[in-house]
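Chemist: First, the structure itself, so that you have it in front of you.
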Amino acid sequence: MKKIFFTIAALVLAASAWAQDFQTGYFLNGYTQAYKLNPAIRPEKSFLALPGLGGFDIISRSNVGLDDFFYPVSGDKLGYFMHPEVDAKDFMSRLKSSNKVVENSYVNILALGFKKGLAYHTIDISIRTAGGASVPYELFSFLKEGISDKIVIPSLSVEENVFLEVAYGLNFKVNGIVSVGGRIKYLAGLMNTSVGIDNLTVTSDNGRWMISGNTYGKMAWRGATVKTKVDEAGDVIIDGVDTKKISGVAGNGAAIDLGVVVDAIPGVRLSAALCDIGGVKWDYNIRGKRDSVWEYDGDADEVEDELANLLELKVCEGSKEFRMLPATFRVGAEWSKLPFVTFGLLGTHRFGNVPWTELRASANFKPFKVLGASISGAAGSFGFSWGAALNLNLKVINMFLGMDAIPTRFTPQYIPLGKANLGLSFGINITY
C-alpha cells in the first residue's frame, strides 16, 4: 500500500515542473513580457533583458492541496491520508473526479525587443519546462476504502518536458485599430518523460482476485542509459536510469504563437491569442511497458502489493514520436473609461494531457507613467485565487514582480495550505 502511494506522490511531484502563464500581467501597464501571453501586445519601449534576471516565471496549479492529504493525528502529529485515524468519508469528500497538478517554468537567457518602422520585433532564448499529472478519484477510493466487488480506475498520467526555446516575434498595427502579432519558435528538446496506467481493473469474488492493467513509460534523454534487473518471471525490468553521460538534444521541433488586439470601440480593447501551436519530435531512448492480466487467491493487502508491480516495466526498444505542446488559448477584454484605472477580463484554456480553464478579472492601476499595478481574482479548474503585480518603468530600467496565486492560509511552520496554486514572476530589463 505505502509503495503505491509514495510512488504516485513521487510521480506527481516530478511532474510539477510545468510557465509563460503569468496571467495577472496580461493587462499590467508597462509589462515588457506580455507579448509572450499574446504576441499582438506591444511593449511600450525597446528593451534588453539581463541574462538570468530578464524574466522568470514559476507557475503551479492544482485542484487539491496538502491539507487534502495530510491530517492531524494522535495529538499534534501529522499523518497522511492512509493513517487509520483519518476518516475515509472526510478524505474522499475533498477529492475531485480528476485530481490535477500542473506547473510551468520559464527562464529568459536572452531577450530583446525593438521597434523598426511600423513593426515591433522581439528575439528571445529561454529554457522552459512543461508538464502535469492527473490522478483519478477511483484510485484514492481503492487505496483508502478498498472494494466490495469491482473497481475500474481510469487513466493515470504524468508527463514532463524540458526544452530550449529560440523565438522571433513580429508585431504590427493595421489602420491604427487592429494589432496583429506572431512568434515562430525553434524548440530543442532536452528531456521528455511520460508515464501512465490505463484500464486498471480490480475484481473481487469471494477471496479470489482478478487484476488487469496497461502501464507504459518512456523517456527521451540523450546519453541516459537504463539500468535493468531480471524479475522472478525472467523478464528484463527497468531498475533505474544512469544519467552520468547526459549530453545533446533529445528532440527537435517548432511552434508558433498568434495574436490579435482590436481597439475598434472607444474605451474597450478586445484581444485573443493562441500560443504554442506545435510540438517536438522526441527520440525515446528509454521505453518500458507492462500489460498485466492475472488472478489469484489472497487478502486485500497482498493485492495492493501486487498492484505495485504494475510500475515495474519491461524494457522495450526505443522509438521516435512527435508530441504536441499543451497549447493555450486566451481571450481578453479591457475597459478603460476612467483616467487612472482599467478593468480587465481574461479567459484562458490550456489543452494537453492535463487541460484546465480559468476566468480572471483584474483592476489595473496607472497612477503615474512610470508605475503600473494590478490586482486580480480568478476562478476555474483549480478553484479560486488572488493575484497582484507591480511594474516600475523608469528611464532605462523596467522591473516587474507579481504573483497569480497569493497564499492566504499557512501551517505553524509557514507551509501554504489550500490548493497548490502559485504564480511568481520577476524580471529586470534595460529599456530605451
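The values are calculated or read from the model by the stated rules, or taken from the named source; none is laboratory data. Note that the structure is a prediction, hence the values are computed from the model and not measured. We place every Cβ from the backbone using ideal geometry, glycine too, and count neighbours over all the protein chains shown.
Chemist: Is it the case that segment 273-286 has a residue that's more than 30 Å from residue 329 (Cα to Cα) and at pLDDT 80 or above?
Modeler: For segment 273-286, residues more than 30 Å from residue 329 (Cα to Cα) and at pLDDT 80 or above: present.
Chemist: Any idea which of (1) within 30 Å of residue 178 (Cα to Cα); (2) surrounded by 17 or more Cβ atoms within 10 Å (Cβ to Cβ) is the one residue 270 doesn't satisfy?
Modeler: Every listed condition holds for residue 270 apart from (2).
Chemist: Those residues that are surrounded by 16 or more Cβ atoms within 10 Å (Cβ to Cβ) and aliphatic (A, V, I, L, M), I need them from segment 204-225; list them, please.
Modeler: Selection gives 211, 219, 220, 224.
Chemist: So which residues in segment 57-68 are more than 16 Å from residue 384 (Cβ to Cβ), surrounded by 19 or more Cβ atoms within 10 Å (Cβ to Cβ) and not β-branched (Val, Ile, Thr), if there are any at all?
Modeler: Once the filter is applied, which keeps residues that are more than 16 Å from residue 384 (Cβ to Cβ), surrounded by 19 or more Cβ atoms within 10 Å (Cβ to Cβ) and not β-branched (Val, Ile, Thr), segment 57-68 yields only 57.
Chemist: Between residues in segment 183-196 that are closer than 27 Å to residue 121 by Cβ and residues that are among the hydroxyl-bearing types (Ser, Thr, Tyr), which pairs lie under 6 Å by C-beta distance while being six or more apart or on different chains?
Modeler: Between residues of segment 183-196 that are closer than 27 Å to residue 121 by Cβ and residues that are among the hydroxyl-bearing types (Ser, Thr, Tyr), the close pairs are 184/168.
Chemist: In addition: Touching a strand residue (DSSP E or B) at 6+ places or on another chain (Cβ under 8 Å), among the β-branched types (Val, Ile, Thr), at pLDDT 80 or above and part of a strand (DSSP E or B): which single residue out of 293, 241 fits that description?
Modeler: The match here is 241.
Chemist: Moving on. What are the residues in segment 86-116 that are more than 17 Å from residue 62 (Cα to Cα) and modelled with pLDDT under 85, if any?
Modeler: Matches in segment 86-116: 106 only.
Chemist: Another question, then. Which residue pairs have Cβ atoms closer than 6 Å, lie 6 or more positions apart in sequence or on different chains, and pair a first residue in segment 205-224 that is under 16 Å from residue 313 (Cβ atoms) with a second residue that is among the basic types (Lys, Arg) and crowded, with 18+ Cβ neighbours inside 10 Å?
Modeler: These pairs meet every condition: 215/290; 218/287.
Chemist: Separate question: Does segment 351-369 hold any residues that are surrounded by 16 or more Cβ atoms within 10 Å (Cβ to Cβ) and closer than 22 Å to residue 31 by Cα, and which are they?
Modeler: Result: 358, 360, 362, 364, 365, 366.
Chemist: Based on this model, can you work out whether residue 111 counts as among the aliphatic types (A, V, I, L, M) and more than 28 Å from residue 23 (Cβ to Cβ)?
Modeler: Working: among the aliphatic types (A, V, I, L, M): yes; more than 28 Å from residue 23 (Cβ to Cβ): no.
Considered against the rule, which asks whether it is among the aliphatic types (A, V, I, L, M) and more than 28 Å from residue 23 (Cβ to Cβ), residue 111 comes out as no.
Chemist: Mind telling me which of the residues 248, 279, 259 ends up being in a strand (DSSP E or B), over 30 Å from residue 344 (Cβ atoms) and out of contact with any Ser or Thr (no Cβ under 6 Å at 6 or more places or on another chain)? Walk me through it before giving the result.
Modeler: Numbers: 248 fails: in a strand (DSSP E or B); 259 fails: over 30 Å from residue 344 (Cβ atoms).
Selected residue: 279, the only one of 248, 279, 259 that is in a strand (DSSP E or B), over 30 Å from residue 344 (Cβ atoms) and out of contact with any Ser or Thr (no Cβ under 6 Å at 6 or more places or on another chain).
Chemist: Given the conditions (1) within 24 Å of residue 276 (Cα to Cα); (2) modelled with pLDDT under 85; (3) of a type in the set (Asp, Glu), which single one is not true for residue 334?
Modeler: Failing condition for residue 334: (2).
Chemist: Can I ask one more? Looking only at segment 149-171, decide whether some residue is touching a strand residue (DSSP E or B) at 6+ places or on another chain (Cβ under 9 Å), on the phi > 0 side of the Ramachandran plot and either part of a strand (DSSP E or B) or not aliphatic (A, V, I, L, M) (or both). Spell out how you get there, then give the answer.
Modeler: First, pick out the residues of segment 149-171 that are touching a strand residue (DSSP E or B) at 6+ places or on another chain (Cβ under 9 Å): 149-171.
Cutting the leftovers down to on the phi > 0 side of the Ramachandran plot gives us none.
No, every residue in segment 149-171 fails to be touching a strand residue (DSSP E or B) at 6+ places or on another chain (Cβ under 9 Å), on the phi > 0 side of the Ramachandran plot and either part of a strand (DSSP E or B) or not aliphatic (A, V, I, L, M) (or both).
Chemist: From the residues in segment 353-409 that are hydroxyl-bearing (Ser, Thr, Tyr) and part of a strand (DSSP E or B), which one is nearest to the chain's Cα centre (by Cα)?
Modeler: Ranking the candidates gives 357 first.
Chemist: Among the listed residues 201, 228, which satisfies the condition of being touching an Asp or Glu at 6+ places or on another chain (Cβ under 7 Å), surrounded by 13 or more Cβ atoms within 10 Å (Cβ to Cβ) and among the hydroxyl-bearing types (Ser, Thr, Tyr)?
Modeler: None of the others qualify; the one that does is 228.
Chemist: Of the residues that sit in segment 139-157 and are surrounded by 18 or more Cβ atoms within 10 Å (Cβ to Cβ) and touching a Pro at 6+ places or on another chain (Cβ under 7 Å), which one is farthest from residue 350 (Cα to Cα)?
Modeler: Among them, the one singled out is 153.
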